[in-house]
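No lab work stands behind these numbers, since they all come straight from the coordinates. Everything numeric in this text was worked out from a predicted model, so none of it was measured. Here the Cβ positions follow ideal geometry from the backbone for every residue, glycine too, while neighbour counts run over all protein chains shown.
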Amino acid sequence: MRARWLSTVFSLTNSAAATSRLRLPDATSVATSRSRGLRAFAGGCVAVVAVAPSATNAEYCAAVSPVTPNIHYVQEFRYPRRNGFGSYLNMFVSEPDLHLGHQVTRIDPKKKILEFANGKQDIYAGLISSLPLPDLIPLIEGVPSDVVDAVNLLACSSCVLVNIGVDRDDVSDAHVSYFYDRDICFSRLNFPHNMSRNNVPPGKSSIQAEVYYSRKYKPLDGDPADYVDLVLTDIRKTGLLRPDDRILYSDYSDVPYANVIFDLDRGKALATVHGYLDNTGIAYCGRYGRWGYIWTDEAFVSGEEAAQQVLDKNLVTRQ
Ligand SMILES: Cc1cc2nc3c(=O)[nH]c(=O)nc-3n(C[C@H](O)[C@H](O)[C@H](O)COP(=O)(O)OP(=O)(O)OC[C@H]3O[C@@H](n4cnc5c(N)ncnc54)[C@H](O)[C@@H]3O)c2cc1C
């Protein structure tokens with residue numbers, strides 16, 4: 001039987017509030033749920049221990065131990081004390097030759113011309129793109145049809161992000177909580193007030209819910225705007241929000257590119273698209289230029305690497 005890793009809820013918190021939202025199986029069903037994975041909890045600390053069907057008794061013993069380790073893939077992280085995550089980029093905003101608010105509408109790789117939605121044009125010496133490949137390829141003049149077909153095979157998840165402000169400071173003491181329940185519309189909640197207390201006014205909490213869908217595999221049910229109310233309903237279901245909690249703020253955004261899906265089409269399609277860009281002299285970087293599982297810091301480094309490639313090529317041309 002194919003190993004199926006199953007987890008239900010993973011929380012980085014030890015709070016009793018987190019335990020109260022779980023519907024955990026009793027000890028007997030845990031012990032007999034070999035083919036469905038294993039969940040363990042101890043005291044106020046909740047964690048999911050995913051165990052493959054082939055797990056040994058020793059692994060089960062470890063899973064039900066009273067000490068539940070933090071098994072999250074992020075054990076530590078850095079976050080700015082003030083002005084949120086985006087403030088990491090502030091040092092680059094003062095760069096002298098940065099032109100923001102230019103949407104590329106056409107790229108002519110032969111004449112090396114860029115056209116923008118604001119009517120401006122520019123000629124480039126070297127071009128590095130961090131645009132998502134499915135957005136980049138249709139902009140390129142004379143792109144072959146097999147490259148267009150290939151880029152259309154690339155799959156990713158999209159995400160409706162719902163942001164909520166709550167008139168209480170102790171909604172959760174987790175940074176991030178995961179939800180895999182089918183009757184909960186989001187799969188992850190972030191609590192920005194716990195990243196830095198300066199992210200919220202004194203005495204308040206903030207929640208960001210991630211609702212995932214995929215144009216290729218799991219289209220969104222309804223309209224993104226519907227998810228503000230649906231998310232609020234489901235957070236109340238988990239017990240994190242109380243019926244009398246005052247919601248001070250809510251909004252949403254629809255993020256078309258979230259996580260790249262590593263399906264069977266990806267390898268061949270990506271080789272076709274990247275091969276074409278290499279031949280055309282357009283360097284690519286970032287999560288959606290590389291079309292991989294790339295974190296923010298890796299996306300940044302991939303931009304530096306692409307810049308180096310372009311510089312190296314120009315140096316070669318000049319010699
Ligand atoms: C919900 C969610 C949570 C995440 N959490 C984390 C986390 O905690 N830590 C972490 O490290 N990473 C996280 N990531 C991943 C992180 O967001 C990405 O790795 C990172 O943003 C990739 O940066 P990028 O510059 O490659 O792509 P993007 O930030 O997507 O930049 C691509 C840019 O291209 C622009 N663009 C598109 N078309 C055009 C056009 N025609 N003309 C001009 N510009 C255009 C877009 O507007 C966009 O700004 C998360 C991602 C999601 C979706």
*Sorted from largest down, give the three principal axis spans of the alpha carbons of region 206-319, whole angstrom values.*
72, 29, 19
*So, in nm, how far is label Tyr180 from label Arg197 when the simple model puts each one 7 Å beyond its Cα toward the Cβ?*
3.5
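Counting other Cβ atoms within 10 Å, which trypsin sites (Lys or Arg not before Pro) in region 187-256 have at most 13 and lie in a DSSP loop? Write out the running numbers ahead of the final one.
Working: sites: Arg188, Arg197, Lys204, Arg215, Lys216, Arg236, Lys237, Arg246; in loops: Lys204, Arg215, Lys216, Arg246.
Here the trypsin sites (Lys or Arg not before Pro) that fit, given the DSSP loop and packing criteria, are Arg215, Arg246.
How big is region 158-255 by the Kirkwood estimate over distinct Cα pairs, in Å? Display every interim value, and only then the final one.
Working: mean 1/r = 0.0732 Å⁻¹.
Result for region 158-255, one decimal place: 13.7 Å.
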*To the nearest 0.05, what FRET efficiency results for Ile113 and Leu264 with a Förster distance of 41 Å applied to their C-beta separation?*
0.65
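Could you line up Phe186, Phe179 from fewest to most neighbouring Cβ atoms inside 10 Å? Could you put the intermediate results ahead of the total?
Details: Phe186 25, Phe179 22.
By the 10 Å Cβ count, ascending: Phe179, Phe186.
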_Quick check: pseudo-label points 7 Å beyond the Cα along Cα→Cβ at Ile123 and His72, how many nm apart are they?_
5.2
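Is region 64-184 best put as rounded, prolate or oblate by its Cα gyration tensor, with a ≥ b ≥ c the root eigenvalues, rounded for a/c under 1.5, and otherwise prolate when a/b is larger than b/c, oblate when not?
Working: a/c = 2.74, a/b = 1.77, b/c = 1.55.
It comes out prolate by the Cα gyration axes.
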*asked:* Tell me which chymotrypsin sites (Phe, Trp or Tyr not before Pro) from region 222-290 have a DSSP coil assignment and no more than 16 other beta carbons within 10 Å of their own.
replied: Phe262
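Would you please classify the overall shape of region 124-173 from the alpha carbon gyration tensor, given that a ≥ b ≥ c denote the square roots of the eigenvalues, rounded means a/c under 1.5, and beyond that prolate means a/b larger than b/c while oblate covers the rest? Don't skip to the answer; put the middle values down first.
On the way: a/c = 5.01, a/b = 2.56, b/c = 1.95.
Note, shape of region 124-173 comes out prolate.
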*Can you work out ³J(HN,Hα) from phi for every residue in region 73-79, in order, using Karplus 6.51 cos²θ - 1.76 cosθ + 1.60 and θ = phi - 60°, giving whole Hz and x for Gly and Pro?*
6, 10, 9, 8, 8, 10, 8
